[in-house]
Each structure stands twice: as structure tokens, then as C-alpha cells.
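Reading through the C-alpha cells given below for one structure.
The values are calculated or read from the model by the stated rules, or taken from the named source; none is laboratory data. The model shown is predicted, which means the values in this text are computed figures rather than measured ones. Cβ coordinates were reconstructed from backbone atoms using ideal geometry, including for glycine residues, and neighbour counts include every protein chain displayed. Just the protein is used for accessible areas: all its heavy atoms, side chains included, with ligands, DNA and RNA removed. Shrake-Rupley method; radii C 1.70, N 1.55, O 1.52, S 1.80 Å.
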Amino acid sequence: MEVKIICPYTHEELYERPDGLFNNLGINKYRKVNGAYKVAPEENYTDNFGLEWNTFQKTQIDKYNGTSVSRNRFFFETKWQKDSLGSQNILEVGSGAGRFTQIILDHTEAHLYSVDYSNAVEANFKNNGPHERLHLFQASIYELPFEKASFDKVFCFGVLQHTPDVEKSVKCLIEMVKPGGELVVDFYPIKGWYSKLNAKYMLRPITKRINNEYLLRIISKNINWLIKVYKFNKTIGLGFLNRFLPICDIDATFPKEIQHIKEWAILDTFDMFSPAYDNPQRLESVKSWFEIFGMKNVKAEMIEYEKGLVAAVVRGES
Ligand SMILES: C[S@@+](CC[C@H](N)C(=O)[O-])C[C@H]1O[C@@H](n2cnc3c(N)ncnc32)[C@H](O)[C@@H]1O
């Protein structure tokens, strides 16, 4: 069954046309630009992600980098069976450049409604569109342009910690799930008091205020020596010092088989330092919000989806 698209502000029904979303009076409410319906202001707190994903459009997409890291992460974490998704409507919130969009379109027959608040949706369209089962929207998790309880499956990977109010984000996702449907999220976990004791959280108060293009240039210029020091520390048994080095944790973030780590390192280091919000969460808090907002059979666990790569995952049924 078709998903009913609505204006998140007036709640009137909207219809998808090649050049925009129209109401029943034929008025174009939201334009379609470069493959995505624009239901959000062009500039907002996720502009860093727009730059990130349009610069590194293909880097983390399985079909371009030759790995299966996104496919493994998607199916291990959701536990969804490919063959059962055929006639279903899936909502993806915070799709970035579309690494999981690609997995759904290429490995299932599901209809996908994919949303990101930044203009990363344009990178997603270049990677995955046009496609008859893909509907792309630039919209916020807090103002989703869909009737409530519309989706068989909803997932939101790597996004919650980057939203200003994580509890409200969880509530908004749950509202989208049909009775009998499922929601799966993954996010940065708080593991203990030491979780924020590292270069990232020490420097973020400054780096998140730096102009995005400038920050990306600083990181790119310094990445070679940072990688060398990171590796050297590991070789001499001082790997624990790397938490104070202003570079992403290469061994805990990258799939082992990628050859050229420089591009991934710049991407993930920019991803550490540029976001306006970075609020890691306790597994138990997210689990309890799922339950408070009415989800059943809620499971919270750390999942190793690839050797050495672990995610905090919460899953529930409506
Ligand atoms: C770290 S990226 C993850 C992207 C993708 N899921 C992946 O794993 O490659 C986080 C994404 O969340 C999006 N995001 C942040 N706040 C959002 C909001 N309020 N509504 C929708 N998307 C949001 C950002 O624009 C960004 O693309």
C-alpha cells in the first residue's frame, strides 16, 4: 500500500510529481531539486553533513568500495529477512550518502522512503537514483512528511546522537511505525565515565564552531602525520594514547579490507569534529524510551557486525 505523504505543518495530503510535492488544489508545496523533495530549510544545523557526504559521496558505499560492511551492518542489526521485505514500505531516517539506501534497493524488493535533514540527499540520489522504489526527502526527523503509523519497518543508523533531543527523536521514529511493524536504531553508546575522555570531546567545543570548509581543509592537510602517529603508537604498544590524538579510531571504525585509508580517515575525522550535536547515549536509556513510547519485545545489545566493528543497537515492535 502507498504511503500517505503529508505536509508536516498543515497536515494536508501531498502528491509526488516529477517537479515537487503538490496538494489537491494543484499547488506545488515543496520543490524537487536534484532528485529529492525539499521539505526542510536548505541551510540548517546539519550543513556539515551536507558537505561531508557530497565531498565523500562514494567512499562508504559498498558497491563502490568493494566491501560488504554496510550490507553486514544492515542485516546483522535489523535481523530482517531479505525475502520478507518484498511488499513492505521502509523508512530510513538520516540516510547520508545512502550506504544503506543502496543495500535496500540492491538486495531487497522493498519500497524505500529515505530522509535526511541535510543536502546529503543529493549525494544519495547520485549514488542510488533515479529508482522506481526510492522516494527521497530532505526533511527532519522532527517534521517527517508522512502520515503516522505508515511504515512496516523504520530504521535510523548513526543519527540519534547528532540530533538535539534524542528522546524526542526516538518518539518521532516510533510514531512512524505501523501496528505490528518494527523500529531499529543504532547510535554512539556511553560505555562508562571514560567515554568522553578523548580528543574528540575535548576539542569539539571549538571545532564545531569552525567554518566547515576550513575545518575539512585543516584535517586534510594534517591527516598523513596523524595516521603515521596513530599506527606508530599501536606498533609500540601505546595504542591507548591514540584517544588523545585528533583523528578517528581507525581500527574501530574501518572495515579491515579497505586499501586506501586516507579518504576514510579524513571523512571520519571530519565527522567527529564538525557536527553541531554529539550526544552519545546509554543503551538502557534508549531501551527505556522505546518501552515508554509503547514498543514491545524491546531488545538492546552491542552487535559486532564485522570483525572489530561494534554498534549499540535497540530494536522493538509496535
Ligand atoms: C553520521 S551521519 C550517518 C549517515 C548514514 N546513516 C550512515 O550511516 O552513513 C548522520 C546523518 O544524520 C542526519 N541528521 C542529523 N539530524 C537530523 C534530523 N534532525 N533529521 C534527519 N536527519 C538528521 C545528518 O544530516 C547526517 O547525514
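Comparing GLU109, GLU77, GLU132 in a Gaussian network model of the chain (Cα springs below 10 Å), the most mobile by mean-square fluctuation is GLU132. Charge tally around SER87: other residues with Cβ under 10 Å, Lys/Arg +1 each, Asp/Glu -1 each, net -2. Positive end of the dipole of the range 193-273 (Cβ unit charges, origin at the Cα centre): among HIS260, SER195, PRO205, the Cα lying farthest that way belongs to PRO205.
Note on the chain: helix-only mean residue ellipticity at 222 nm, from DSSP H runs of 4+ residues weighted -39500 (n - 2.57) and normalised by residue number, equals -10500 deg cm²/dmol. Only the Cβ atoms of Lys and Arg (+1) and of Asp and Glu (-1) were treated as charged; on that basis the dipole of the chain about its Cα centre amounts to roughly 1020 debye.
Which percent, to the nearest 5, of DSSP beta bridges fully inside the chain are antiparallel? Could the numbers behind the result be given before it?
Values: 25 of 47 bridges.
Just about 55 percent of them are antiparallel.
Over all projection directions, the Cα-based convex hull of the range 130-238 averages an area of 11.3 nm².
Hey, could you grab the Kirkwood Rh for the range 167-318? Inverse mean 1/r over distinct alpha carbon pairs, Å, one decimal. Answer for the range 167-318: a Kirkwood hydrodynamic radius of 17.4 Å. Straight-distance candidates among the lysines for linking to LYS58, with alpha-carbon spacing under 20 Å and chain neighbours fewer than 8 residues away dropped: LYS126, LYS256, LYS262. With protein chains left intact and a 1.4 Å probe, residues in the range 185-253 average 63 Å² of accessible area per residue. Sparsely packed loop sites in the range 1-76 (the chymotrypsin sites (Phe, Trp or Tyr not before Pro) outside DSSP H, G, I, E and B with at most 10 other Cβ atoms within 10 Å) comprise TYR9. Largest GNM mean-square fluctuation across LEU85, LEU25, LEU267, computed for the chain with C-alpha springs under 10 Å, falls on LEU25. Between the listed residues THR67, PRO179, SER87, the Cα displaced farthest toward the positive end of the dipole of the chain, a dipole computed from Cβ unit charges relative to the Cα centre, is found at THR67.
Taken about its Cα centre, the range 193-273 carries a charge dipole of about 300 debye when Lys and Arg each add +1 at the Cβ and Asp and Glu each add -1 at the Cβ.
Using a/c under 1.5 as the rounded threshold, could you call the range 193-273 rounded, prolate or oblate? The axes a ≥ b ≥ c are square roots of the C-alpha gyration tensor eigenvalues, and prolate needs a/b larger than b/c, oblate otherwise. Walk me through the numbers before you get to the answer.
Details: a/c = 1.80, a/b = 1.19, b/c = 1.51.
Since a/c reaches 1.5 but b/c is at least a/b, the shape of the range 193-273 is classed as oblate.
Which one of ILE104, ILE258, ILE174 has the biggest mean-square fluctuation once the chain is modelled by GNM with Cα springs under 10 Å? Among ILE104, ILE258, ILE174, the largest mean-square fluctuation in the Gaussian network model of the chain belongs to ILE258. Other residues whose C-beta falls under 9 angstrom from the C-beta of ASP19 contribute a net charge of +3, scoring Lys and Arg +1 and Asp and Glu -1.
At a 1.4 Å probe, what is the % contribution of carbon and sulfur to the accessible area of the range 147-256? Kindly include the intermediate steps, with their values, before the conclusion.
Numbers: 3400 of 5680 Å².
Answer for the range 147-256 is 60 percent, counting heavy atoms of protein chains only.
Oblate is the label for the range 111-177. Its Cα gyration tensor axes, ordered a ≥ b ≥ c, give a/c of at least 1.5 and b/c at or above a/b. Remark: for residue pairs LYS200/LYS228; LYS63/LYS178; LYS4/LYS287, the C-alpha separation exceeds 22 Å in LYS63/LYS178; LYS4/LYS287.
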